[in-house]
Amino acid sequence: MVSIRQALTEATAHLAPVTETPRLDAELLMAHALGIAREVLLLNHLDAPTPANFGPLIVRRLTHEPVAYITGTRAFWTIDLAVGPGVLIPRPDSETLIEAAVMHFGKVGPKTILDLGTGPGTLLLAALAEWPGATGMGIDASHIALDYARRNATDLDLAARARFRLGNWAEGLSDQFDLILCNPPYIGTTEDLPADVRAHEPGAALFAGADGLDDYRIIAPQLRALLAPGGVAILEIGHTQSVPVTALLEAEGFAVALARDLAGNTRALMAK
């Protein structure tokens, strides 16, 4: 009988060629196999026998299937989100947008929030969890993403404060919001991506033309009419895109400030 400790060591070696985080991936998949949190696994279960369903999970990961799709969940900010094929997996870098919003609004927070390209509800639901007095709307062009967003809102007891609608960015929207959050596609169509991402995540949520700026060109002119007085729009960008996206926002009359992620890269622009 193989202990969990030994199985994790062996799985880490097998996963090393296909992921930059082989030990973490193995631990997350083992915790999923056991139906417990990773922290509980590491504290209390390393000498227990390995569950039979762990091996098939490792086989799936070896095909570059994302861990979040295998487990069906991804942690983001202070919440856990259900995710699956057809939905962009939330990234830690995107938490930069919530951090920037917290710095701007403090504990009082915004009253109304718009999340353009909400995916599984990532930014909107994280913001609503942060500010219990706020309400918000999430818009996405994907029926699959919106199904996940509504499910997540229900699971997090946020459905009463969150609305979701199918749409092409802010087209046809006339409301105004204190906080606008947006993580649009910003990858150039010829850019190289890890196999996990290119082969499994939805291209419509990743790629935005040859230079990765196509969607910013649509979004920037829409923002002014959507912002309530004193409001702020916070957009995620690729770490090399601060200059061209700032130019697009400044052309619409915005003052723009930068926000950096944990690696020190420019990850978001704040437009006021």
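The values are calculated or read from the model by the stated rules, or taken from the named source; none is laboratory data. Source: prediction; values computed, not measured. For neighbour counting, all protein chains shown are included, and Cβ atoms are generated from backbone atoms with ideal geometry for every residue, glycine included. Heavy atoms of the whole protein, side chains included, go into the accessibility calculation; ligands, DNA and RNA do not. Shrake-Rupley method; radii C 1.70, N 1.55, O 1.52, S 1.80 Å.
Below is a table of values for the structure above.
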item: Subset of region 83-107 (residues that are in contact with a helix residue (DSSP H, G or I) (Cβ under 8 Å, 6 or more places away or on another chain) and modelled with pLDDT under 95); result: none
item: Pair list, Cβ < 9 Å and 6+ apart or interchain, from region 209-227 residues that are at positive phi to residues that are of a type outside the set (Val, Ile, Thr) and open to solvent by 70 Å² or more (accessible area, probe 1.4 Å); result: Gly209/Arg217; Gly212/Glu191
item: Ala153 being of a type in the set (A, V, I, L, M), farther than 28 Å from Gly209 by Cα, touching a residue at least 24 places away in the same chain (Cβ under 8 Å) and touching a helix residue (DSSP H, G or I) at 6+ places or on another chain (Cβ under 6 Å); result: yes
item: Residue satisfying all of: in region 36-52; open to solvent by 70 Å² or more (accessible area, probe 1.4 Å) and under 23 Å from Arg74 (Cα atoms); nearest to the chain's Cα centre (by Cα) among these; result: Arg38
item: Residue match in region 28-46 (condition: in a loop (DSSP other than H, G, I, E, B), touching a residue at least 12 places away in the same chain (Cβ under 8 Å) and more than 23 Å from His200 (Cβ to Cβ)); result: yes
item: Conditions (1) farther than 24 Å from Asn152 by Cβ; (2) open to solvent by 30 Å² or more (accessible area, probe 1.4 Å); (3) without any contact (Cβ under 8 Å) to a residue 60 or more places away in the chain; (4) assigned to a loop (DSSP other than H, G, I, E, B); number of the one not met by His64; result: (3)
item: Which numbered condition Ile79 fails, given (1) under 25 Å from Pro185 (Cβ atoms); (2) open to solvent by less than 10 Å² (accessible area, probe 1.4 Å); result: (2)
item: Residues of region 127-142 that turn out to be under 16 Å from Ala160 (Cα atoms), among the small types (Gly, Ala, Ser) and surrounded by fewer than 24 Cβ atoms within 10 Å (Cβ to Cβ), as a count; result: 3
item: Cross-chain or 6+ apart pairs with Cβ under 8 Å, region 250-264 first and aromatic (Phe, Trp, Tyr), then at pLDDT 95 or above and surrounded by 11 or more Cβ atoms within 10 Å (Cβ to Cβ); result: Phe254/Leu223; Phe254/Arg224; Phe254/Ala233; Phe254/Ala271; Phe254/Lys272
